[in-house]
Amino acid sequence: MKYFIFFIISLALIGFVTFFALSTNPTKNNSSKTPSKQTTNFESDTFGQVIYESNTYSYSGAPITNPKNLKLIPNYSEQQSSTNIIDQNNCQFLTNAGFYSKTNQPIGWFTTDSNTISQVQSNRLFNGFLYLEEGKVNISDTAPVTSVTFGLQTGPILIQNNQALNLTISNDSPRRRAFAALTKKNQLQFFIVFNKNSLFEGPKLSDLPEIAEKIGFKLGDTFTTAINLDGGTASTYYDGEIHLQEAQPVGSFFCLQ
């Protein structure tokens, strides 16, 4: 009899231990979760490829067919993630915009919804302006003199008058790069350029003008002007299919609704 009781108690203990292990296993039911869109291994045909000085970089671009649906969203104090911005503004496309200071303020001129929150600054590096004026996008080395829907100061200018510019950059390093360009038909396009094996790395800034020019040639177009946007860990890119996320807060966003 005592052996039968011992056997029953042993079965009960085994059942309890098994139930506890299953109920506390952190991997339980995780197989049904949707993987994050921040991917580190991309298929070779997901992005375009451009070779510069024996280095191969991946890139993606988005043409903006209706710039009136483009918004410039400040994020200096809010410091919201790109995911939140996409969800809250129903962004069909999103990329980072210009640079910001250590005090979380835009560097140079910044206007959104016809409201200027920062004035033009004399700056050899951030020497250009991207703005929407009367439904038309402009990239220029001079600030507009009339009221605009949105605009910001950024840089450096990469291509001007159809020519890639020579840049001399102090403390240049390989980083993921974002830039905006205008085609001969004055269509705005945004691009992201990076190393697919290390997502926050990419070309040096001084190499970006010729890389941008090469991308234009590969797409069968010539960029009349192009300008650098913020990059590195404060850059992001979303086109509805892929989402390259940021590692630190993005100061401002371009969102296509």
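The values are calculated or read from the model by the stated rules, or taken from the named source; none is laboratory data. Just so we're clear, the structure is a prediction, and the values are computed from it rather than from any experiment. Glycine gets a Cβ as well: all are built from the backbone with ideal geometry, and neighbour counts include every protein chain shown.
Output the residues belonging to region 217-236 that are closer than 23 Å to Gln92 by Cα and either in contact with a Lys or Arg (Cβ under 6 Å, 6 or more places away or on another chain) or free of Cβ contacts under 8 Å to residues at least 60 places away in the same chain (or both).
Gly231, Gly232, Thr233, Ser235
If we keep just the residues of region 94-105 that are touching a strand residue (DSSP E or B) at 6+ places or on another chain (Cβ under 9 Å) and in a loop (DSSP other than H, G, I, E, B), which is nearest to Ala180 (Cα to Cα)?
Here the residue is Ala97.
Give the number of residues within region 208-226 that are surrounded by fewer than 19 Cβ atoms within 10 Å (Cβ to Cβ) and part of a helix (DSSP H, G or I).
Qualifying residue count, region 208-226: 3.
Return yes or no: is Thr168 loosely packed, with under 14 Cβ neighbours inside 10 Å, part of a loop (DSSP other than H, G, I, E, B) and in contact with a strand residue (DSSP E or B) (Cβ under 8 Å, 6 or more places away or on another chain)?
no
Looking at region 70-111, which of the residues that are free of Cβ contacts under 8 Å to residues at least 60 places away in the same chain and within 17 Å of Ser147 (Cβ to Cβ) is surrounded by the most Cβ atoms within 10 Å (Cβ to Cβ)?
So, considering only residues that are free of Cβ contacts under 8 Å to residues at least 60 places away in the same chain and within 17 Å of Ser147 (Cβ to Cβ), the one surrounded by the most Cβ atoms within 10 Å (Cβ to Cβ) is Thr111.
Between residues in region 148-174 that are under 15 Å from Leu229 (Cβ atoms) and residues that are in a strand (DSSP E or B) and among the basic types (Lys, Arg), which pairs lie under 9 Å by C-beta distance while being six or more apart or on different chains?
If the second residue must be in a strand (DSSP E or B) and among the basic types (Lys, Arg), the pairs left are Phe150/Lys71.
Assuming Ala247 fulfils every condition listed in (1) surrounded by fewer than 18 Cβ atoms within 10 Å (Cβ to Cβ); (2) over 13 Å from the mean Cα position of the chain (by Cα) apart from one, which condition is it?
(2)
Every residue in region 146-165 that is of a type in the set (Gly, Ala, Ser) and assigned to a loop (DSSP other than H, G, I, E, B), please.
Listed by number, the residues that qualify are Ser147, Gly155.
Scan region 168-175 and tell me whether some residue there is within 17 Å of Gly98 (Cα to Cα) and under 13 Å from the mean Cα position of the chain (by Cα).
The answer is yes, given that some residue of region 168-175 is within 17 Å of Gly98 (Cα to Cα) and under 13 Å from the mean Cα position of the chain (by Cα).
Please give the number of the condition Tyr131 fails out of (1) part of a strand (DSSP E or B); (2) modelled with pLDDT under 95.
Only one criterion is unmet by Tyr131, namely (2).
Residue by residue, here is whether (1) under 28 Å from Lys184 (Cβ atoms); (2) touching a strand residue (DSSP E or B) at 6+ places or on another chain (Cβ under 9 Å) holds:
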site: Phe217; (1), (2): yes, no
site: Phe223; (1), (2): yes, yes
site: Glu246; (1), (2): no, yes
site: Phe254; (1), (2): yes, yes
